[in-house]
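Trainee: Let me begin by handing over the structure; questions about it come next.
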Amino acid sequence: MSKKSKASKSSKSARKPKGAKKGAAKRPSGRLMSVATNARKAINERVAAIAEAPLAVCESDENLQSMLNVLRSEEEPIEVRLAALQAIQAASFSVVTFESCRSEYIATLRQVATDPDMELRQRVLGILAREKDGFAQRKLLEGLQNPEKALVPPEKALQLLSNDVHAEAYAAAREIVNNPPSDTARREALRLLAADATAAPMFEKLLRDKDEQAEIRQISASALQALKPEKLQEHARAILLDTSEYDDIQATSLTAITQFGDEQAVAEDKTLMRRIDNMKDEASTKIKQSARRFLTKYGQ
Amino acid sequence: MQNVAMAGARSETEFASLVDALAADPDRREQLTELLREDHPVYDQRGAATTVRMRGWVLLALARAGVSDAALIFVLEELDAGVDAYLVAAAARALRSYPSPNAALAPFAMRALTNIRYHDEPVSFEGYGEYADSSSYTTPVRELLVTLAWLGPHARGVLHEVEALRAQHGGLPKKLLVEVDRAVEAIRGGQADEPDADCCTLPNGLSSTFSWALGSRRGSESIESTVFEDHGGASVTFREFFRGHPSIVVFFYTRCDNPLKCSLTVTKLARLQKLLEAQGLDDQIYTAAITYDPAFDLPARIHAYGQNRGVRMDDRHRMLRATDGVNALRSHFKLGVNFIESLVNRHRIEAYILDAEGRIAASFERIQWDEQQLVDRAIEVLNETSNEKSGGPVPEVSPRPVDAPARGKTASTMLGTLASVGVAFFPKCPICWAGYLSMFGVAGLERIPYYPWLQPLLFAVMLINLASVWLRGRSTGRMSGFYLVSAGAFAIVVSKLGLGLESVAIWGIALTLAGSLLSALNAKGRRLTARGGPA
């Protein structure tokens, strides 16, 4: 067998759950469910049966209850519980069929949201947060306000809360920006605040702060574009004229003016045009490309 | 004694205790209704989820204490446009405590059932702020089915809808089929043929959805200098835009996540504008959609929001944001909205009609308003303005008859078609003309002189008809009429080229007639659709 076909075979088998038999015919749902929920079967076999089971989940109340029990039970191996979660989540895409199961599914997710297993907890909170679930939002906010109660790391909590603009997370995010537990948490807090109309002055300050990390300054530029686009244009111009600015931020500023600038005002801005014209030849490769795009757009 | 007016600074637990105390005290139960007003200070600086928990608890207190006529509107509002499972379930339960079940309530329960059935989440009413995470819970669909059963024969008007949902695959959750059957049985019960005495009477509480201020309108002086920025970034003051003519004003914000509120309101504004246009009133009655969230809703954002919903935006019809914030507007319009920082946490549906002085002449609150009703009220205000200007009674300003332009268009179509016929049969020379005349002579007609200039004139009119059909096709989006008329015109022109294809002219006439007729029918269908008639 050639190397290529071996590789292809191994990639195909990687996509299949362990324990799934090659070329096996579809098994009846009753048999699948009995394997999936049988604690005496091997984990791989159960995971494989669950992976085939999504359509069977809502076939009967008994099937649903069995699968929810697997998900709920801390006695079950975590691989099996995660597979059960994935199967029910897959079933939920059939909105009409799943409607009968939905309320019990959500109630179970709320139970599992405080499970001792971190990965399961995080996935479950993710599903609930995308549903804008009040219970999940309250738990996540509690964790941000009191780290001892936190179910997920602060950056994850902020990321999940950002699914709902009405999740009352701005105050907690501001607190994290001021007293960040980690760089990642601060970054996520800033991303969340990019939808807070009152945060524009903070982003202006961060954008102009040369001591800030480039990523934070870029997040600030993006937030300003959403909140106060005219301010971004002002600052972007000033950054481009400042010869002591960093390349990354100048490239971001150049893109902002090229894409969103007032065409007439920019074209008439001789100082800026001269500066960009110089950049075209003298700056780093990244800026040169952006400068050429700018000059193409503004007619030079 | 605990005071509702001072409830603003309370914690959620204290608020829940206050609500329980009010529900338990028959003399103070009416104060629960006050707590359901969105602009109540108790909701100031609370998040949306907190607001849901608080309002839900008040609705549940009403369910225990009984819903009064004054509180009914808040319950129906939740059923009419609510999308939160907890609030809809609580409202359904509260409705069952209204002392007089009424046929007018059934459509609200049915609408809620239709809106919420794919978001049937578990809710717990056990304690304040509890979320269901076990098997002992209820759901909005379950509560609504129990409410329909409570309405019994009063819900006969929606029985066919319940039965249709029952029969439809996935229409209602399988495990609730017992409740569905119970509701159907209750609705069918009682005197089957006995007409519902109060079938068409709206409960008293519902009358507050519309208010009509005659002779007692507040002046708009306090907000006359309020500056707005419109969808195109142009600045205009309240006085500049709202004085001199009646206006229809709705409120919205682009981040609203309830599709039955802001998104629907702005979509309906677009339909309302078309009604004004169809009645020729679009230059006499202005419209405006004002955002609750001016800090976030920048001109580009409100422009895109309006455009995506078909709103007409020009100097008379604008999407607006108040540049100095929404506070002045809040107090002038007494808006049913509250905020956490600058973000809306809850708002009601609200639309206003302003008179020519910018004063509020009428308001529509909470329940979905009807576009035609709003237009009719605005016309009344317009008539009233005309009366005031003339210093006495003057003839009413009537909407331009819809059929007048239609008649004009039909006449132009007929003229164009006749021109095509004229071109097809126009004689080539005076001898042919004599031949025609000899035929007319047989019919006893008077002598008609030969006018060679008539042919180019008829040809020009035929081209005008072609252009008119093209324009009509473009406006209706149906070009089939234009294609037929084009083919007809082509056939007529070919028949006149002297290629021995004179007989083609008959086909040309037939195609022209068919195309013109089709074009006129398409245009008529479109006008009827715009008026809400059959498409």
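Trainee: Say whether the condition of being away from every other protein chain (no Cβ under 12 Å), closer than 28 Å to A:GLU230 by Cβ, in contact with a Lys or Arg (Cβ under 7 Å, 6 or more places away or on another chain) and in a loop (DSSP other than H, G, I, E, B) is met by at least one residue in the stretch A:170-190.
Mentor: Scanning the stretch A:170-190, I find no residue that is away from every other protein chain (no Cβ under 12 Å), closer than 28 Å to A:GLU230 by Cβ, in contact with a Lys or Arg (Cβ under 7 Å, 6 or more places away or on another chain) and in a loop (DSSP other than H, G, I, E, B), so the answer is no.
Trainee: Further question: For B:ALA112, are the conditions met, namely being buried (at least 24 other Cβ atoms within 10 Å of the Cβ) and farther than 22 Å from A:CYS101 by Cβ?
Mentor: No: the conditions fail for B:ALA112.
Trainee: Among B:GLU365, B:GLU384, B:GLU350, which is the only one that is of a type in the set (Asp, Glu), buried (at least 16 other Cβ atoms within 10 Å of the Cβ) and without any contact (Cβ under 8 Å) to a residue 60 or more places away in the chain?
Mentor: Unique residue meeting the criteria: B:GLU384.
Trainee: On to the next question. Across the stretch B:233-260, what is the total count of residues that are more than 14 Å from chain A (Cβ to nearest Cβ) and either in a loop (DSSP other than H, G, I, E, B) or buried (at least 18 other Cβ atoms within 10 Å of the Cβ) (or both)?
Mentor: 14
Trainee: If you check B:ALA186, B:ALA197, which single one turns out to be hydrophobic (A, V, I, L, M, F, W, C) and modelled with pLDDT under 60? First the steps, then the outcome.
Mentor: Values: B:ALA186 fails: modelled with pLDDT under 60.
The conditions single out B:ALA197.
Trainee: Tell me which residues, restricted to the stretch A:33-71, are within 14 Å of another protein chain (Cβ to nearest Cβ) and either assigned to a helix (DSSP H, G or I) or surrounded by fewer than 21 Cβ atoms within 10 Å (Cβ to Cβ) (or both).
Mentor: Taking the stretch A:33-71 first, the residues within 14 Å of another protein chain (Cβ to nearest Cβ) are A:57-65, A:68-69, A:71.
Passing the criteria: A:VAL57, A:GLU59, A:SER60, A:ASP61, A:GLU62, A:ASN63, A:LEU64, A:GLN65, A:LEU68, A:ASN69, A:LEU71.
Trainee: Please tell me if A:ILE239 is hydrophobic (A, V, I, L, M, F, W, C) and crowded, with 20+ Cβ neighbours inside 10 Å.
Mentor: Yes: the conditions hold for A:ILE239.
Trainee: Additional query: For the stretch B:27-34, indicate whether the set of residues that are more than 25 Å from the chain's Cα centre (by Cα), within 13 Å of another protein chain (Cβ to nearest Cβ) and within 30 Å of B:GLY152 (Cα to Cα) is non-empty.
Mentor: Looking for residues that are more than 25 Å from the chain's Cα centre (by Cα), within 13 Å of another protein chain (Cβ to nearest Cβ) and within 30 Å of B:GLY152 (Cα to Cα), one finds none in the stretch B:27-34, hence no.
Trainee: Return the total of residues in the stretch B:118-147 being at pLDDT 90 or above and either aliphatic (A, V, I, L, M) or within 33 Å of the chain's Cα centre (by Cα) (or both).
Mentor: The number of residues fulfilling the criteria is 14.
Trainee: Separate question: Looking at (1) farther than 22 Å from A:ALA172 by Cα; (2) surrounded by 19 or more Cβ atoms within 10 Å (Cβ to Cβ), which is the only condition A:ALA267 fails?
Mentor: (2)
Trainee: Out of B:ARG53, B:ARG46, report the one residue that is surrounded by fewer than 24 Cβ atoms within 10 Å (Cβ to Cβ), among the basic types (Lys, Arg), within 14 Å of chain A (Cβ to nearest Cβ) and in a loop (DSSP other than H, G, I, E, B). Don't jump to the end; show me each part of the working.
Mentor: Details: B:ARG53 fails: in a loop (DSSP other than H, G, I, E, B).
Among B:ARG53, B:ARG46, only B:ARG46 is surrounded by fewer than 24 Cβ atoms within 10 Å (Cβ to Cβ), among the basic types (Lys, Arg), within 14 Å of chain A (Cβ to nearest Cβ) and in a loop (DSSP other than H, G, I, E, B).
Trainee: Which of the residues belonging to the stretch A:80-125 are within 11 Å of chain B (Cβ to nearest Cβ) and hydrophobic (A, V, I, L, M, F, W, C)?
Mentor: A:VAL95, A:VAL96, A:PHE98, A:CYS101, A:ILE106, A:ALA107, A:LEU109, A:VAL112, A:ALA113, listed by residue number.
Trainee: Report yes if B:ASP80 is away from every other protein chain (no Cβ under 14 Å), touching a residue at least 60 places away in the same chain (Cβ under 8 Å) and outside any helix (DSSP H, G or I), otherwise no.
Mentor: Working: away from every other protein chain (no Cβ under 14 Å): yes; touching a residue at least 60 places away in the same chain (Cβ under 8 Å): yes; outside any helix (DSSP H, G or I): no.
So B:ASP80 fails the test.
Trainee: List pairs: first residue in the stretch B:128-144 and more than 8 Å from chain A (Cβ to nearest Cβ), second residue among the polar types (S, T, N, Q) anywhere in the structure, Cβ distance under 6 angstrom, at least six positions apart or on different chains.
Mentor: Note: pairs meeting the criteria are B:GLU130/B:SER124.
Trainee: Ok, one more. Considering only residues of the stretch A:134-169 that are facing chain B (nearest Cβ under 8 Å) and over 15 Å from the mean Cα position of the chain (by Cα), which is surrounded by the fewest Cβ atoms within 10 Å (Cβ to Cβ)?
Mentor: Selected residue: A:ARG138.
Trainee: Can you find even one residue in the stretch A:240-260 that is within 14 Å of chain B (Cβ to nearest Cβ) and more than 20 Å from A:GLN145 (Cα to Cα)?
Mentor: yes
Trainee: Can you tell me which residue in the stretch A:72-109 is farthest from B:LEU165 (Cα to Cα), limited to those that are surrounded by fewer than 17 Cβ atoms within 10 Å (Cβ to Cβ) and aliphatic (A, V, I, L, M)?
Mentor: Top of the filtered list is A:ILE78.
Trainee: Here is a check on your reading of the model: is A:ALA214 small (Gly, Ala, Ser), out of contact with any Asp or Glu (no Cβ under 9 Å at 6 or more places or on another chain) and free of Cβ contacts under 8 Å to residues at least 60 places away in the same chain?
Mentor: Working: small (Gly, Ala, Ser): yes; out of contact with any Asp or Glu (no Cβ under 9 Å at 6 or more places or on another chain): no; free of Cβ contacts under 8 Å to residues at least 60 places away in the same chain: yes.
No, not satisfied.
Trainee: Within the stretch B:97-124, how many residues are more than 14 Å from chain A (Cβ to nearest Cβ) and not polar (S, T, N, Q)?
Mentor: We begin by selecting, within the stretch B:97-124, every residue more than 14 Å from chain A (Cβ to nearest Cβ); these are B:97-112.
Of the ones still in play, those that are also not polar (S, T, N, Q) are B:98-99, B:101, B:103-112.
Summing the residues that are more than 14 Å from chain A (Cβ to nearest Cβ) and not polar (S, T, N, Q) in the stretch B:97-124 gives 13.
Trainee: Which one of the conditions (1) touching a helix residue (DSSP H, G or I) at 6+ places or on another chain (Cβ under 6 Å); (2) at pLDDT 95 or above; (3) of a type in the set (S, T, N, Q) does A:SER92 fail to meet, given that it meets all the rest?
Mentor: The number of the failed condition is (2).
Trainee: For the stretch B:292-326, how many residues are away from every other protein chain (no Cβ under 14 Å), among the aliphatic types (A, V, I, L, M) and part of a loop (DSSP other than H, G, I, E, B)?
Mentor: 2
Trainee: Further, regarding this structure: Against the conditions (1) out of contact with any Pro (no Cβ under 7 Å at 6 or more places or on another chain); (2) farther than 16 Å from B:PHE333 by Cβ; (3) at pLDDT below 95, where does B:VAL227 fall short? Just the number, please.
Mentor: (3)
Trainee: For the stretch B:30-39, what are the residues that are surrounded by fewer than 19 Cβ atoms within 10 Å (Cβ to Cβ) and touching a helix residue (DSSP H, G or I) at 6+ places or on another chain (Cβ under 8 Å)?
Mentor: B:GLU30, B:ASP39
The values are calculated or read from the model by the stated rules, or taken from the named source; none is laboratory data. All of these numbers come straight from a predicted model, not from anything done at the bench. With ideal geometry, Cβ positions are generated from the backbone for all residues, glycine too; neighbour counts draw on all protein chains shown.
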